[in-house]
1. Considering only DSSP states other than H, G, I, E and B, which GluC sites (Glu not before Pro) in region B:144-200 qualify as loop sites with at most 15 other Cβ atoms within 10 Å?
2. Which far-off residues, 5 or more places away or on another chain, put their amide H under 5 Å from the one on B:Asp199, with H placed in the peptide plane?
3. Could I have the simple spin-label model distance between A:Thr109 and B:Val145, label points 7 Å from Cα toward Cβ, reported in nm to one decimal?
4. Could you calculate, for region A:87-155, the ratio of the Cα radius of gyration to the Kirkwood radius, expressed as Rg to Rh?
5. What are the lysines whose alpha-carbon lies under 29 Å from the alpha-carbon of A:Lys147, with same-chain residues fewer than 8 places away excluded?
6. In whole Å, largest first, what are the principal axis extents of the Cα atoms in region B:139-203?
7. Quickly work out the A:Ala92-to-B:Ala60 label distance, labels modelled 7 Å from Cα along the C-beta direction, and quote it in nm with one decimal.
8. B:Ala28 versus B:Arg190, label points 7 Å from Cα toward the beta carbon: distance in nm?
Amino acid sequence: MRAFYEAVGPDLHRFIQTRLNDPHEAADVLQETMLEVWRQAHAFERRSAVRTWVFSIARNKAIDRVRRSAPTGPAPDEEIADAAPDPEAAMAALQDGDRLRECIGSLKTVHRAAIQLAYFRDLPYGEIAQIENCSIGTVKTRIHHAKRLLLHCLSKKPSRRGGGV
Amino acid sequence: MAQTNDAETNGRDPLQDLHRGRLTQDEAERLTRAIESDPRLEAEYRLVAALGETDGAHSAFPGELGWARLQQALARETPQRSGVNVWQRSVSVWQAAACLLLAVAGWQLAVAPYLAGRGVAPGYVTATGETGPAPHGPALRVAFVPEASEAAIRTLLRESGATIVDGPTAVGLYTLAFEDEEARKAALDRLVGNPTVIDFVEAQ
C-alpha cells in the first residue's frame with residue numbers, strides 16, 4: 001500500500017487540489033480516497049484502468065467535500081466570453097508560467113479538471129469521461145471552453161502585477 | 001453514456017498529439033500548415049504546448065505525514081487489532097491489493113524490495129519504516145485524535161515549533177522534536193490545550 005501511495009499519491013493530490021484549491025483539504029481528501037481504495041479493492045472489477053477507478057473515487061470525494069463546505073450550492077457558471085481572444089497578446093503572455101497558472105486557477109472546477117487530466121496527465125478523452133462521469137462529448141466541450149477561457153485570460157492585462165506604465 | 005468507438009475513446013486533442021509527436025507525418029504536416037496560416041490556431045497550439053510543460057498548480061503532497069496518518073487509519077480498519085499485520089487483514093483484500101499493484105506497471109518492483117527488506121512479520125512498522133534511535137534533544141511523544149484533519153495537525157505542529165521525527169508506533173505514537181528545552185515546555189502546554197487534535201502527550 002505504501003508503494004501504491006507513493007506512486008499515485010502526488011498526482012492524485014494535485015488532481016484533488018485542482019478541485020478544492022486548498023492543499024490541506026486536498027490532503028484530507030487524498031487520505032479518504034486511499035482508504036476507500038483499500039476498502040473497495042475487493043470489489044474492483046477491472047472494467048476500467050486502476051488509474052481511472054482511483055481518480056473517479058477522488059473526484060467523488062472532492063465533490064462531497066465541496067458540497068459539505070458550501071451547502072448554499074455551487075458557484076454560478078462562468079460565462080464563456082463571446083469576443084475572440086487576442087492571439088498575439090495570449091502568445092506573449094504564455095512566456096510567463098506564473099501567469100498561465102494564475103489563469104488556470106481562475107477557471108471553473110470542471111474546466112480546470114479537464115485541462116489537468118487532458119494536458120498535464122495526458123489522458124485520452126474516454127478515460128477523462130469515465131473519471132468525470134460524463135460523456136466524451138462533454139469532455140471535448142469542456143476542454144474547448146477551457147482553452148478559450150485561458151486564451152482570453154492570457155490576452156488580458158495581469159490583474160495584480162505591477163506594470164502600469 | 002452513448003456508445004463510442006475506440007478512436008474517439010482513445011482520442012486526444014490533435015494539437016497535443018502534434019506537440020507530443022504522435023501524428024503521422026502527413027497529419028503533422030497538414031496541421032502545421034494550418035497553424036502557420038491561422039494566428040488563433042497558433043495561439044491555441046502554443047497554449048497546448050505550454051500546458052504540457054507545466055503542472056498547473058504547486059502541489060503540497062503530504063508525503064511522510066500523509067502516509068503515517070493513512071497507516072494509522074488503515075490499522076483502525078483492521079478487525080484483528082493487536083499484533084496482526086495490517087496487510088494480513090484477509091486474503092481477498094490482499095489479493096485485490098496485489099492486483100492493484102500489478103496493474104500499475106513497475107510499482108510492484110518497489111513493493112518487493114520494501115517487503116523483503118523488512119521481512120514482513122506480524123506486527124506494525126513505523127511510517128518511516130524504521131524504529132530508529134531515540135531523537136537527540138528535547139522531545140515529546142503524542143497521539144493525534146483520529147478525526148483531526150491534516151490542516152489542524154500541521155497548524156498545531158507549526159505553531160508549537162515541533163517536527164515529527166518518528167512514528168507512528170504500534171499504538172499510534174509520534175515523536176516530536178524541538179529546538180530546545182524551552183520550546184518543548186512551551187509546546188507541552190499548547191499541545192495539551194488542543195484536545196481536538198492531540199489525544200495525549202507523553203513527556204520522554
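The values are calculated or read from the model by the stated rules, or taken from the named source; none is laboratory data. Predicted, not measured: the structure shown is a model, and the values here were computed from it. Counting neighbours? That spans all protein chains shown, and the Cβs are built from the backbone with ideal geometry, glycine included. All accessible areas refer to the heavy atoms of the entire protein, side chains included, with ligands and DNA or RNA removed. Shrake-Rupley method; radii C 1.70, N 1.55, O 1.52, S 1.80 Å.
1. B:Glu147, B:Glu179
2. For B:Asp199, whose amide H was placed from the backbone, the distant partners under 5 Å are B:Ala143, B:Phe144, B:Val145.
3. 2.6
4. 1.01
5. Partners found: A:Lys61, A:Lys108, A:Lys156, A:Lys157.
6. Cα extents, longest axis first: 29, 22, 16 Å.
7. Distance between the two pseudo-spin positions: 3.5 nm.
8. Rounded to a tenth, the inter-label distance reads 5.7 nm.
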